[in-house]
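Everything below concerns the one structure shown next.
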Amino acid sequence: MKILIENCKSIVGVHANPKEKLAGKEMANLPCLNDSWLSIENGLISGFGTMKDGTPSKATFDQVIDASGKFVFPSWCDSHTHIVYAGSREAEFVDRIKGLSYEGIARNGGGILNSAERLNKTSEDELFENAMRRLTEVTGFGTGAVEIKSGYGLSVDGEIKMLRVIKRLKEHSPLTIKATFLGAHAVPLKYKQNRQEYIDLIINEILPIIAKEKLADYCDVFCDRGFYTIEETDAILQAGWKHGLQPKIHANELDYSGGIQIGVKNKALSVDHLEFTGDKEIEVLLNSATMPTLLPSTAFFLGLHYPPARKMIDSGLPIALATDYNPGSSPSGKMPFILSLACVKMKMLPEEVINAATVNSAYAMGLSKTHGSITIGKKANLFITRPIPSYNFMPYSFGSDLVDTVIIEGKVQQ
Ligand code: NIG
Ligand code: FE
């Protein structure tokens, strides 16, 4: 199948020789090709150029799309989600409106433990169907790659069930998917008096099954106040590495937990959340290959303060953005809203948020070579907007549906 998209008002994120990530001042640079065309062949981007220099012969294409007035974007890479879950938690949402805290709800057996109880009672097929529906939903928002975590099983069977669902999603969804093992998401109630027993279970029982069945790409721990300590996190991440799983961790959401430092020490691909990031944490990140990933819809939904994105970028760091789509702290997978929040609440520029949600989030899921920019030979995962005046309109027009046509691996999605 060969597709030509012509008369594009602009193609955004065009990189002939892409860097694997963009840091500091580089983040404000968004290369675009105005009044242009783009061609797709065998699921890959095969060429682009300006209309004035002429398009390739139209007769050679199976489909020609007129993008007059419209923008072409590389698909968003959503590098942090929990979209395999059972039920929903709007009752806790109401409890929080009435004054309970997220941590207080968790201490009383709600929160992640509430989702775990429901997940363990739900069949693999039902989890799969619900997650597929969510993937279809986010495809319509312009997302072309998604990282999905386990972490609502919190038992051998539950965690393996979740990861098998993610494996099935990889096989059936057109989106590119990465799987992350998050057995250390919360401590299950029955291990409250003996946390070490659960950690031993993760290390000695669950991880070997995951390795044998190749069920995960990455290993995660919720390293924060009230969840897992830095010593526990260190032990789990080292065990993950022994099975070839690079860390991608939850860190510094609720406190200066030391999570960033322990993530960097263990060569994490990303450390995510980072509401509590100070000078020491920035220093550690500057000397690493770890991608700081911010999830502003969690701060929005839980009423936390936002991570210091401006300070981080001005210090020379790269930033990636993701949705954290999950039933407790961010029940939405809408990447364009994340971009708007990052601009409004963290003072990131439109160019910075677009780079953070494409090039840098591709890096945060190990997809730099194939995703995140308009580059010849990369996967043709992209979307065409409705007619819009400029790319600034994308984060500006929050809540609007600007995505008109979605193309994944060279196929127009219906
Ligand atoms: O990323 N912070 C830890 N885990 C999730 C929340 C999961 C939940 O509340 O169900 C998060 O925000
Ligand atoms: Fe999360």
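The values are calculated or read from the model by the stated rules, or taken from the named source; none is laboratory data. Bear in mind the structure is a predicted one, so any value in this text is a computation, not a measurement. Every residue, glycine as well, gets a Cβ built from its backbone with ideal geometry; the counts of neighbours run over all protein chains shown.
Taken over the stretch 93-117, the criterion of being over 24 Å from the mean Cα position of the chain (by Cα) and either part of a helix (DSSP H, G or I) or aromatic (Phe, Trp, Tyr) (or both) is satisfied by Val94, Asp95, Arg96, Ile97, Gly104, Ile105, Arg107, Glu117. Looking at Gly109, Gly151, Gly142, just one residue is within 15 Å of ligand 2 (Cβ to nearest atom), on the phi > 0 side of the Ramachandran plot and not acidic (Asp, Glu), and that residue is Gly151. Apart from one condition, Val271 fits all of (1) assigned to a loop (DSSP other than H, G, I, E, B); (2) within 14 Å of ligand 2 (Cβ to nearest atom); (3) touching a strand residue (DSSP E or B) at 6+ places or on another chain (Cβ under 6 Å); the exception is (1).
Evaluation of Val284 against the conditions (1) of a type in the set (Val, Ile, Thr); (2) part of a helix (DSSP H, G or I); (3) closer than 25 Å to Ser397 by Cβ shows that the sole unmet condition is (3).
Quick check: anything in the stretch 12-35 away from ligand 2 (no atom under 16 Å from the Cβ), more than 24 Å from Tyr363 (Cα to Cα), outside the structural domain of Met312 (by TED's automatic domain parsing) and not small (Gly, Ala, Ser)? Scanning the stretch 12-35 turns up at least one residue that is away from ligand 2 (no atom under 16 Å from the Cβ), more than 24 Å from Tyr363 (Cα to Cα), outside the structural domain of Met312 (by TED's automatic domain parsing) and not small (Gly, Ala, Ser). Figure legend. Inter-residue proximity from the stretch 1-18: first residues among the basic types (Lys, Arg), second residues surrounded by 16 or more Cβ atoms within 10 Å (Cβ to Cβ) and at pLDDT 95 or above, beta-carbon distance below 6 Å, spacing 6+ or different chains. Indicated pairs: Lys2/Glu41; Lys2/Phe61; Lys9/Lys70; Lys9/Phe71.
Within the set Pro292, Pro307, Pro336, Pro350, the sole residue that is in the same structural domain as Leu127 (by TED's automatic domain parsing), within 16 Å of ligand 2 (Cβ to nearest atom), modelled with pLDDT of 95 or more and farther than 27 Å from Gly244 by Cβ turns out to be Pro307. Residues in the stretch 357-389 that are outside any loop (DSSP other than H, G, I, E, B) and closer than 16 Å to Phe141 by Cβ: Ser361, Leu382, Phe383, Ile384, Thr385. Beta carbons closer than 7 Å, at least 6 apart along the sequence or on distinct chains, pair a first residue in the stretch 235-264 that is in a helix (DSSP H, G or I) with a second that is surrounded by fewer than 21 Cβ atoms within 10 Å (Cβ to Cβ) and small (Gly, Ala, Ser) for Val264/Ser288. Of all the listed residues (Ala251, Ala239), the sole one being touching a Leu at 6+ places or on another chain (Cβ under 9 Å), at pLDDT 95 or above and away from ligand 1 (no atom under 12 Å from the Cβ) is Ala239.
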